[in-house]
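The structure appears right after this line, and notes come after that.
The values are calculated or read from the model by the stated rules, or taken from the named source; none is laboratory data. Because the structure is a prediction, the values reported are computed rather than measured. All Cβ positions, even for glycine, are placed from backbone atoms using ideal geometry, and neighbour counts span all protein chains on display. Quick note on the areas: whole protein, heavy atoms, side chains included, nothing else; ligands and nucleic acids left out. Shrake-Rupley method; radii C 1.70, N 1.55, O 1.52, S 1.80 Å.
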Amino acid sequence: MASVNIDNLNSLSNLHPKPENTFAYGTAGFRMKAELLDSVIFRTGILASLRSKKLDGKVIGVMITASHNPAADNGVKVVDPLGEMMEGAWESHATALANAPSNEHLFDAIHTMVSTLKIDLTKPANVVFGRDTRPSGEALVAALVDGLKVLGAQSTDYGILTTPQLHYITRCLNTAGTPEAYGEPSAEGYYKKLAAAFKILVEGKPRLSPLILDCANGVGAPKFKEMLPYLGDSFSVKIVNDDVEDASKLNLNTQQRAPIGLKTAAGERYASFDGDADRIVYYYQDEDNTFKLLDGDKIAGLAAMYIIDLVKSAGIDDISVGVVQTAYANGASTQYLRNTLNVPVSCVPTGVKHLHHEALKYDVGVYFEANGHGTVLFSPSALKTIYAAEGSSPAQAVAIRSLRALSEVINQTVGDAFSDLFLVETILTQRQWSPKVWDQAYTDLPNRLVKVVVQDRSIFKTVDAERKLTEPAGLQDAIDAIVLKFSHGRSFVRPSGTEDVVRVYAEAATRPETDELAFRIGGLVFDYNSCGSGARPREFI
Ligand code: 16G
Ligand code: MG
């Protein structure tokens, strides 16, 4: 069996020494202070090469970004050939390579992978990569390029991109020349595809007022501007928070209110991207000056409502629509989906990969996390039906054309803030709805998130899509006993996958009850077997 050239590995690896830290490939890849990432990214280059060789030379994507984290952080994620997140089973291999304490251990870790996974090292390796606007990105790309040299991968640097653009390009490259060809593998190809579909979707409808779009001073700003010429007069937008030169401004947004420095006014429509443009939320200001958030749950409800209608109008009756949420979905949204729209709703653990996987089970699977990560997946058989349908009336033909365009405007690889924006804008334009009308579908129950700093979050074990704790023993019963006392009360506790904390979610009929519930459960967790760390937060009851 071929082996890795050890001298080549040693000389390259010596340029990227591993610090003492321990690394873990988690829900969103490796993510931490940028200065700690050099060796991790170098080794991710090796991992991506091995993944490509394992998949017979298929193109693997690597994205350097830390999404919504502060500018001083960075991170890296590996993208599988069809643009999905890397297969879960490989996360432990990524972690093993990242933690090998010396060059010799790294050599051994590579060979362990080669033998256990039966990787043929003589196969070609093809990798493409991109990065967001973080200043640390350039040096980290250099580390990645060195990593790619270890196994002689062919690679292409796509420069600065949004995360979903890199997912799109990866899929395009792997499907080129097949019946599933996904588009031209470039940012330009991406703009053309989305813009052409959006133009079809809003054809003949009066334009809405301009959308005020906050780009969090991240990569979404330059990329959305790049797209504008392709949209022509089909869409009008005013971009704010587009300063990518001053890194300190990246992701200054705060939760559940308008971004700092943005003065909102009644009658306007707003949206915010996160730092790598794979998440979006909408909002508006009510006449009585209250800030109203239209989150991922609201987008899922809007999308499901519209798609169900469109399928009906198209005269297609054998396509089932389903929605996937997490435990964080507002209880009122789940009720609306189940009871008003009559769609099946599944609940899965937090993290895009879980939602994506579940959504594949439906003909048309709408998935969104409340925090704005999400998309709509059309199964191959649904697409076949949609493309074969002819319609027996002009109205049916229009609906069929819209369904086809919808499947093009929505990124099928991963949640994408740009596509989700065009999805929402399509529906609002078709219906001529203001955000307020959209918001009237249902009223959110008040909800509250509380972080509890604990000594060891790994002692918290959940089941039932993170809605119930099995450990520490007895804690779930204590939570249930408190929740019972609150009207429309619901609360769950789960360890974070990205931070050293345990998160408490609570909702109840009124704001004061919600706050009380959240802080009571927070206090309960903090005190339980003395789990809490540091001073007991004063707001805990
Ligand atoms: C990651 C996930 C996101 C999830 C969040 C939860 C991806 C691409 N991102 O950012 O979907 O909502 O983690 O964080 O999967 P938590 O475990 O700290 O609550
Ligand atoms: Mg993101």
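Just the residues that are assigned to a loop (DSSP other than H, G, I, E, B), open to solvent by less than 10 Å² (accessible area, probe 1.4 Å) and not aliphatic (A, V, I, L, M), please, taken from segment 127-166.
132, 134, 162
Kindly establish whether residue 335 is within 16 Å of ligand 2 (Cβ to nearest atom) and either modelled with pLDDT under 95 or more than 23 Å from the chain's Cα centre (by Cα) (or both).
The answer is no for residue 335.
If you scan segment 1-14, which residues turn out to be farther than 19 Å from residue 141 by Cα and open to solvent by 60 Å² or more (accessible area, probe 1.4 Å)?
The answer is 1, 3, 5, 6, 7.
What residue, among those in segment 217-260 that are more than 14 Å from residue 273 (Cα to Cα) and among the aromatic types (Phe, Trp, Tyr), is surrounded by the most Cβ atoms within 10 Å (Cβ to Cβ)?
Checking each candidate, the answer is 235.
Evaluate segment 135-144: report whether one residue or more is in the same structural domain as residue 46 (by TED's automatic domain parsing) and acidic (Asp, Glu).
So in segment 135-144, the residues in the same structural domain as residue 46 (by TED's automatic domain parsing) come out as 135-144.
Still in the list and also acidic (Asp, Glu): 138.
The answer is yes, given that some residue of segment 135-144 is in the same structural domain as residue 46 (by TED's automatic domain parsing) and acidic (Asp, Glu).
In segment 434-541, which helices (runs of 4 or more DSSP H) lie fully inside it and hold 3 or more residues that are more than 16 Å from ligand 2 (Cβ to nearest atom) and touching a residue at least 60 places away in the same chain (Cβ under 8 Å)?
435-439, 511-527
Give the residues of segment 490-515 that are more than 20 Å from residue 69 (Cβ to Cβ) and surrounded by fewer than 21 Cβ atoms within 10 Å (Cβ to Cβ), sorted by residue number.
490, 509, 510, 511, 512, 513, 515
Within segment 15-33, how many residues are open to solvent by 10 Å² or more (accessible area, probe 1.4 Å) and over 21 Å from the mean Cα position of the chain (by Cα)?
Residues in segment 15-33 being open to solvent by 10 Å² or more (accessible area, probe 1.4 Å) and over 21 Å from the mean Cα position of the chain (by Cα): 8 in total.
What are the residues in segment 385-413 that are farther than 18 Å from residue 319 by Cβ and open to solvent by less than 10 Å² (accessible area, probe 1.4 Å), if any?
411, 413
Just the residues that are open to solvent by less than 70 Å² (accessible area, probe 1.4 Å) and more than 21 Å from residue 331 (Cβ to Cβ), please, taken from segment 434-453.
So in segment 434-453, the residues open to solvent by less than 70 Å² (accessible area, probe 1.4 Å) come out as 434-439, 441-442, 444-447, 450, 452.
Correct list: 434, 435, 436, 437, 452.
Being within 27 Å of residue 413 (Cβ to Cβ), modelled with pLDDT of 95 or more, touching a His at 6+ places or on another chain (Cβ under 8 Å) and surrounded by 15 or more Cβ atoms within 10 Å (Cβ to Cβ): is that true of residue 45 here?
no
Of everything in segment 67-126, what is charged (D, E, K, R), within 16 Å of ligand 1 (Cβ to nearest atom) and either at positive phi or open to solvent by 70 Å² or more (accessible area, probe 1.4 Å) (or both)? Give them in sequence order.
Selection gives 87 alone.
Against the definition (under 22 Å from residue 433 (Cβ atoms), open to solvent by less than 10 Å² (accessible area, probe 1.4 Å), more than 16 Å from ligand 1 (Cβ to nearest atom) and not aliphatic (A, V, I, L, M)), how does residue 190 come out, yes or no?
Criteria not met by residue 190.
Looking only at residues in segment 270-293 that are in contact with a Pro (Cβ under 9 Å, 6 or more places away or on another chain) and away from ligand 2 (no atom under 12 Å from the Cβ), which one is most open to solvent (accessible area, probe 1.4 Å)?
Out of the qualifying residues, it is 292.
State whether the residues of segment 107-117 include one that is within 16 Å of residue 30 (Cβ to Cβ) and either out of contact with any strand residue (DSSP E or B) (no Cβ under 9 Å at 6 or more places or on another chain) or without any contact (Cβ under 8 Å) to a residue 24 or more places away in the chain (or both).
Yes, there is a match, as at least one residue in segment 107-117 is within 16 Å of residue 30 (Cβ to Cβ) and either out of contact with any strand residue (DSSP E or B) (no Cβ under 9 Å at 6 or more places or on another chain) or without any contact (Cβ under 8 Å) to a residue 24 or more places away in the chain (or both).
Okay, residues lined up against (1) open to solvent by 10 Å² or more (accessible area, probe 1.4 Å); (2) in contact with a helix residue (DSSP H, G or I) (Cβ under 7 Å, 6 or more places away or on another chain); (3) charged (D, E, K, R):
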{"site": "347", "(1), (2), (3)": "yes, no, no"}
{"site": "354", "(1), (2), (3)": "yes, no, no"}
{"site": "358", "(1), (2), (3)": "yes, no, yes"}
{"site": "370", "(1), (2), (3)": "yes, yes, no"}
{"site": "373", "(1), (2), (3)": "yes, yes, no"}
{"site": "383", "(1), (2), (3)": "yes, yes, no"}
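Residue 353 - would you say it is in contact with a strand residue (DSSP E or B) (Cβ under 7 Å, 6 or more places away or on another chain) and farther than 30 Å from residue 78 by Cα?
Spelling it out, it is not the case that residue 353 is in contact with a strand residue (DSSP E or B) (Cβ under 7 Å, 6 or more places away or on another chain) and farther than 30 Å from residue 78 by Cα.
Checking the condition outside the structural domain of residue 492 (by TED's automatic domain parsing) and within 16 Å of ligand 2 (Cβ to nearest atom), which residue from 374, 365, 391 passes?
Residue meeting the stated conditions: 374.
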